[in-house]
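Only one structure is covered here, and it is reproduced in the block below.
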Amino acid sequence: MTTKFRRTVTAAGALLAVPLLLAACSQNTTTPTETSALPAPTTSAPASAETGGATFTYAISGDPSSLNPINTGDRWGLTVTNLVYSPLARVETDGTMVNELAESITPSDDGLSVVVKLKPGILWSDGEPLTADDVVFTYTNKAVKANGNADLLWIGDAPITATAVDDLTVRFDLPSPSAAALSNIAVETYIIPQHIYGSVTDFSGAELDPLAVGTGPYKLVEYQRGEYLKFEANENYYGDPPGIPNIVLRIVSNADTAKAALQTGEVDAYFVTPNQIADLAAAPVDVYPYAEGRVAYLGVVEPKVPDVRVRQALFFSLNRTDIDLAAFLDPQYFQEAYSILPPSNPYATTDLEKYDQDVDKAKALLAEAGAEGVKLVLGYAGNDTLQQAEAALIQSQAAAAGITIELSGVDGTALYDEIEKGADSQFDLFLGGYIMGLDPDAYSLLFKTGASANYFSYSNPATDTLFEQGAIELDNAQRKAIYADLQAQIADDAVFYALADNLKILGINQRIGGVDQARLIPIYTFENFAKLTIK
Amino acid sequence: MLAFAARRLAQIVPMLLLVTVAVFLAIQIAPYDVVDSITTPQMSAETIAMWRDRYGLDDPIAVQYLRWLGQVLQGDLGYSLASRHSIAADLAQRLPNTVLLVLPAYVTALLLAIGLGLLAAARHQKLSDRLIDAANAFGLAMPPFWFALLLIYLFGYYLNWFPIIGMHAVGDRGLGDLLRHLVMPYLVLTAAFYPELARYVRSSAITQLGEDYVTVQRAFGATEPEIFRRHVSRNVLLPVVTQIGVALPMLVTGAVITETIFSWPGVGSYFLQAARAMDYPVILAVLLLSATLVMLGNLLADILYVVVDPRVRLGQVAP
């Protein structure tokens, strides 16, 4: 059975694939408790002496789906994890590795093991020391498939194993050589303390008890479901002490409300959309557009449009810049994309067929294929205003080349369900977007024959071979060459027309400083919230 | 009357079963499920299959339904599939929040509607009646979310009098803070509930004014205030009292949109989130609660009718 997966169009992948950085550290003191006190209208409450000034309030769109670092995968769950816990290392957006809990990370020459030495003297927020056992404990439990988030720690049908060599040294053994695993092993897994959670046997739940003990810059001190999460600086943090003592993640699901709250200063930060920015001009708010490594694209369900010349004709009929401007309004809010990899990815190439608009060529290809007057159905998320704009422009541009496109706006999740039917899908084309991270091997999930997120039902043995070669090639220059060929191959096969890396735009109150030092990164918003300051 | 109530209560059970079956089937017809709404491209097929298996989503529909029903019959509403949090605990936290918002707004709207509705009827076709009626029509036509945004702009942004988000400032559980957060959503809901009630009161008062007994009273020389106070208002309020029974389910689902806009942590925003994610145990739990209140509310309305109007008899064929 073909499994169905679906993904909401964009947010999608937020997951793991993103390398991050961390900040972490330890400290003792209180463990967070989940308060569930009802807002009983009792008089006078023990206002925790909040001097609004010492708090950074960030509007988030919903409750985290999980506060358990072993299995959390959504944007806000990962944001919370990154506040409270630390990974061994992070990968910066340019591909360089920055150590966090790790002092050194040494892969073996045969690509079959990695030795990680931990920084000495790191403490958990409860004051206990971090040891190699904690790392082994975390990786071992994350690799348990029943816990629901093991994929990155498996190569083929065997898991990566971790062993404590001494108090501060861990060795990871790979079942077979994997370039992707070597670069991923130390990142994106946030270490949890064995002395607190050692007796837990099932890590598939959404919450741990106690809620959070970590080595990150902040401690979770209060969680009011549906309202907010409150954090205080972790005095045992191994990095520089956090610049702002309190952080609040405030749950605001309505975009208009969140924008108004940003304007009034009720919240300090919020992800805005291009069409909201004009309204912020009068408010003391700065906007920071930044790349998340997302690719917005037009996809073709290959079995529905089997003639490559028809697909190429469609792509030649389109004007990428105009479509991007219609959706994202201003060049400062997107970067044009040409490949399956986002333009900021170190492996991205521009040496491929970009399909610059050429209507005559499109008509010639159609004539050659005997497909004049071809009619195609384009499915998109009907409630997504960006996709509405893209779809309308694609329709009118294709019409100029003699391609009739029928638009069909549907529910975003239902769209993926439909296109996964492949040849039986009612859609020939669809609009989508993904964030898959830095390592190019992650993109095999989208383009390898039969892969779990291959919405295109795309199959080319040459592409598959290149993915397999790239996954095990340990020489970086060689690897780049392989992935350049691979990107060119997929472009020639014309199942995927990249539109743009549309930037994430954080609106942030001018009273907050240190945004550049805290570094805006995909998914987690800030690499290290501890670097933020109040001016 | 007790026999009547018992019989009606007994009817609630099969009706609730029907409601839950219908909702369950509707959820199954949707083209995706809760696992679809939480998966990401990075998840392997195996992992996704594991989640689906763990939630029992691959089982036949009947098996899934009976498993859910069995749990509920034991008093266990189960866990949200999306958050894996106890639904009963979530509802226990959120229900009072919604009641706190809906109840004052409804009572205010009702009192306003009675006062202004009777006033309009007494001044029928005069300026004040026309103003009130026009305001009612405007209120009916105005979407609550739009009114909410206007209030946010005026009181939240422009005047900066009231906070926009949620029901408490972080760390402040005081009454004053709660009231400040309550003002705007309360006004929105009051404006949402009021027009329909007011039109109901007004039109039924106007009807009463045309009745013979009013003419007779006038012939006897009674003043208009007397006629209103002693006769018309009583006859108008009878059906209004029964409206209260019908309004019972609003205590659960009466403020879905308002709660969402103001990030009010009530049942409505909880339900909306679950519906988007196809989180069926949550959807069913909220609808079960709401359907129960609909039926209890109707029963209550019927009983109140008998209580306030001695001419009505329960369960008997009119002579």
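Condition first: facing chain A (nearest Cβ under 7 Å) and of a type outside the set (A, V, I, L, M). Now tell me which residues in segment B:154-169 satisfy that.
Once the filter is applied, which keeps residues that are facing chain A (nearest Cβ under 7 Å) and of a type outside the set (A, V, I, L, M), segment B:154-169 yields B:GLY156, B:TYR157, B:ASN160, B:PRO163, B:GLY166, B:HIS168.
Assess whether A:ASP360 counts as being open to solvent by 20 Å² or more (accessible area, probe 1.4 Å), of a type in the set (D, E, K, R) and closer than 29 Å to A:ALA414 by Cα. Break it down into steps so the answer makes sense when it comes.
Values: open to solvent by 20 Å² or more (accessible area, probe 1.4 Å): yes; of a type in the set (D, E, K, R): yes; closer than 29 Å to A:ALA414 by Cα: no.
When the stated conditions are applied, A:ASP360 does not pass them.
Go through segment B:170-181 and count every residue that is farther than 27 Å from B:PRO195 by Cα and at the interface with chain A (Cβ under 7 Å from one of its Cβ atoms).
Within segment B:170-181, residues that are farther than 27 Å from B:PRO195 by Cα and at the interface with chain A (Cβ under 7 Å from one of its Cβ atoms) number 6.
Quick one: in segment A:244-258, of everything that is open to solvent by 40 Å² or more (accessible area, probe 1.4 Å) and part of a loop (DSSP other than H, G, I, E, B), which residue is nearest to the other protein chains (Cβ to nearest Cβ)?
Of all residues in segment A:244-258, those open to solvent by 40 Å² or more (accessible area, probe 1.4 Å) come to A:245, A:253, A:255-256.
Add one more test, that the residue is part of a loop (DSSP other than H, G, I, E, B), and what stays is A:245, A:253.
Values: A:PRO245: 13, A:SER253: 6 Å.
In this case the residue turns out to be A:SER253.
Looking for something buried (at least 18 other Cβ atoms within 10 Å of the Cβ) and either within 30 Å of A:ILE60 (Cβ to Cβ) or not assigned by TED's automatic domain parsing to the domain that holds B:ALA105 (or both) - is there at least one such residue anywhere in segment B:122-144? Can you show your working first?
Restricting attention to segment B:122-144, the residues satisfying the condition of being buried (at least 18 other Cβ atoms within 10 Å of the Cβ) are B:122, B:129, B:132-133, B:136, B:139, B:144.
Right, trim to either within 30 Å of A:ILE60 (Cβ to Cβ) or not assigned by TED's automatic domain parsing to the domain that holds B:ALA105 (or both) and you get B:144.
Yes, some residue in segment B:122-144 is buried (at least 18 other Cβ atoms within 10 Å of the Cβ) and either within 30 Å of A:ILE60 (Cβ to Cβ) or not assigned by TED's automatic domain parsing to the domain that holds B:ALA105 (or both).
Against the definition (over 30 Å from A:LEU220 (Cα atoms), within 14 Å of another protein chain (Cβ to nearest Cβ) and open to solvent by less than 20 Å² (accessible area, probe 1.4 Å)), how does B:LEU103 come out, yes or no? Let's see the steps before the verdict.
Details: over 30 Å from A:LEU220 (Cα atoms): yes; within 14 Å of another protein chain (Cβ to nearest Cβ): yes; open to solvent by less than 20 Å² (accessible area, probe 1.4 Å): no.
For B:LEU103, the condition - over 30 Å from A:LEU220 (Cα atoms), within 14 Å of another protein chain (Cβ to nearest Cβ) and open to solvent by less than 20 Å² (accessible area, probe 1.4 Å) - is not met.
Could you please let me know if B:ILE87 is within 14 Å of chain A (Cβ to nearest Cβ), touching a helix residue (DSSP H, G or I) at 6+ places or on another chain (Cβ under 8 Å) and β-branched (Val, Ile, Thr)? First the steps, then the outcome.
Working: within 14 Å of chain A (Cβ to nearest Cβ): yes; touching a helix residue (DSSP H, G or I) at 6+ places or on another chain (Cβ under 8 Å): yes; β-branched (Val, Ile, Thr): yes.
Yes; evaluated as a whole, the condition is true for this residue.
Just checking, which of A:ASP501, A:ASP464 is charged (D, E, K, R), part of a strand (DSSP E or B) and at pLDDT 90 or above? Write out each step before concluding.
Working: A:ASP464 fails: part of a strand (DSSP E or B).
Within the list A:ASP501, A:ASP464, the selection yields A:ASP501.
Matching residues to (1) without any contact (Cβ under 8 Å) to a residue 24 or more places away in the chain; (2) under 30 Å from A:PRO64 (Cα atoms):
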residue: B:LEU77; (1), (2): no, yes
residue: B:TYR106; (1), (2): no, no
residue: B:ARG130; (1), (2): yes, no
residue: B:LEU149; (1), (2): no, yes
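Please count how many residues of segment B:252-264 are in a helix (DSSP H, G or I), of a type in the set (A, V, I, L, M, F, W, C) and crowded, with 21+ Cβ neighbours inside 10 Å. Can you show your working first?
Step one: filter segment B:252-264 for residues in a helix (DSSP H, G or I), giving B:252-253, B:256-261.
Going one step further and asking which of them are of a type in the set (A, V, I, L, M, F, W, C), we end up with B:252, B:256-257, B:261.
Filter once more, keeping what is crowded, with 21+ Cβ neighbours inside 10 Å: B:252, B:261.
Summing the residues that are in a helix (DSSP H, G or I), of a type in the set (A, V, I, L, M, F, W, C) and crowded, with 21+ Cβ neighbours inside 10 Å in segment B:252-264 gives 2.
Would it be correct to say that B:ALA205 is within 22 Å of the chain's Cα centre (by Cα) and either touching a residue at least 60 places away in the same chain (Cβ under 8 Å) or farther than 17 Å from B:ASN97 by Cβ (or both)?
Values: within 22 Å of the chain's Cα centre (by Cα): no; either touching a residue at least 60 places away in the same chain (Cβ under 8 Å) or farther than 17 Å from B:ASN97 by Cβ (or both): yes.
Against the criterion (within 22 Å of the chain's Cα centre (by Cα) and either touching a residue at least 60 places away in the same chain (Cβ under 8 Å) or farther than 17 Å from B:ASN97 by Cβ (or both)), B:ALA205 does not qualify.
So in segment A:306-357, with the set limited to residues that are free of Cβ contacts under 8 Å to residues at least 40 places away in the same chain and assigned to a helix (DSSP H, G or I), which one is surrounded by the fewest Cβ atoms within 10 Å (Cβ to Cβ)?
For segment A:306-357, the residue satisfying everything is A:PRO331.
Restricting the search to segment A:152-182, which residues are in a helix (DSSP H, G or I) and surrounded by fewer than 20 Cβ atoms within 10 Å (Cβ to Cβ)?
Here is the first cut: in segment A:152-182, the ones in a helix (DSSP H, G or I) are A:152-153, A:179-182.
The one that is in a helix (DSSP H, G or I) and surrounded by fewer than 20 Cβ atoms within 10 Å (Cβ to Cβ): A:ALA180.
Which condition number in (1) more than 24 Å from the chain's Cα centre (by Cα); (2) modelled with pLDDT of 95 or more is the one that A:ASP475 fails?
Checking A:ASP475 against (1) more than 24 Å from the chain's Cα centre (by Cα); (2) modelled with pLDDT of 95 or more, the one that fails is (2).
Could you tell me which numbered condition A:ASP202 fails, if it satisfies all but one of (1) within 14 Å of chain B (Cβ to nearest Cβ); (2) open to solvent by 10 Å² or more (accessible area, probe 1.4 Å); (3) within 18 Å of A:TYR85 (Cβ to Cβ)?
Single failed check for A:ASP202: (3).
I'm trying to understand the selection: among the residues of segment A:162-199, which are free of Cβ contacts under 8 Å to residues at least 60 places away in the same chain and either within 14 Å of chain B (Cβ to nearest Cβ) or small (Gly, Ala, Ser) (or both)?
A:ALA162, A:ALA164, A:ALA181, A:SER199
Does A:ILE340 fit the bill of being within 20 Å of A:PHE496 (Cβ to Cβ) and either under 26 Å from the mean Cα position of the chain (by Cα) or among the hydroxyl-bearing types (Ser, Thr, Tyr) (or both)? Before the answer, list the steps.
On the way: within 20 Å of A:PHE496 (Cβ to Cβ): yes; either under 26 Å from the mean Cα position of the chain (by Cα) or among the hydroxyl-bearing types (Ser, Thr, Tyr) (or both): yes.
Yes, satisfied.
Residues that are out of contact with any Leu (no Cβ under 9 Å at 6 or more places or on another chain), touching a residue at least 40 places away in the same chain (Cβ under 8 Å) and buried (at least 18 other Cβ atoms within 10 Å of the Cβ): does segment A:76-99 have at least one?
Scanning segment A:76-99, I find no residue that is out of contact with any Leu (no Cβ under 9 Å at 6 or more places or on another chain), touching a residue at least 40 places away in the same chain (Cβ under 8 Å) and buried (at least 18 other Cβ atoms within 10 Å of the Cβ), so the answer is no.
Could you check B:LEU77 against (1) in a loop (DSSP other than H, G, I, E, B); (2) at pLDDT 85 or above; (3) open to solvent by 50 Å² or more (accessible area, probe 1.4 Å) and say which number it fails?
(3)
Take B:ILE87 and decide whether it is farther than 29 Å from A:PHE56 by Cβ and not assigned by TED's automatic domain parsing to the domain that holds B:SER290. Show your work before the answer.
Working: farther than 29 Å from A:PHE56 by Cβ: yes; not assigned by TED's automatic domain parsing to the domain that holds B:SER290: yes.
So B:ILE87 passes the test.
Considering segment B:265-299 alone, what residues qualify as being in a helix (DSSP H, G or I), buried (at least 20 other Cβ atoms within 10 Å of the Cβ) and over 16 Å from the mean Cα position of the chain (by Cα)?
The answer is B:ALA274, B:ALA277, B:TYR280, B:PRO281, B:VAL282, B:LEU284.
Return a yes/no flag: does segment B:45-59 have any residue that is among the polar types (S, T, N, Q) and either open to solvent by 30 Å² or more (accessible area, probe 1.4 Å) or within 12 Å of chain A (Cβ to nearest Cβ) (or both).
Our first condition is that a residue be among the polar types (S, T, N, Q); within segment B:45-59, this holds for B:47.
With the extra rule that they be either open to solvent by 30 Å² or more (accessible area, probe 1.4 Å) or within 12 Å of chain A (Cβ to nearest Cβ) (or both), the set shrinks to B:47.
Among the residues of segment B:45-59, at least one is among the polar types (S, T, N, Q) and either open to solvent by 30 Å² or more (accessible area, probe 1.4 Å) or within 12 Å of chain A (Cβ to nearest Cβ) (or both), which makes the answer yes.
Among the listed residues B:GLN64, B:GLN125, which satisfies the condition of being at pLDDT below 90 and at positive phi?
On the way: B:GLN64 fails: at positive phi.
After ruling out the rest, the residue left standing is B:GLN125.
The values are calculated or read from the model by the stated rules, or taken from the named source; none is laboratory data. These numbers were taken from a predicted model, which means no experiment stands behind them. Reconstructed Cβ throughout: ideal geometry from the backbone, glycine too, with neighbour counts over all protein chains shown. To get the accessible areas, we keep the full protein, side chains included, count just its heavy atoms, and leave off ligands, DNA and RNA. Shrake-Rupley method; radii C 1.70, N 1.55, O 1.52, S 1.80 Å.
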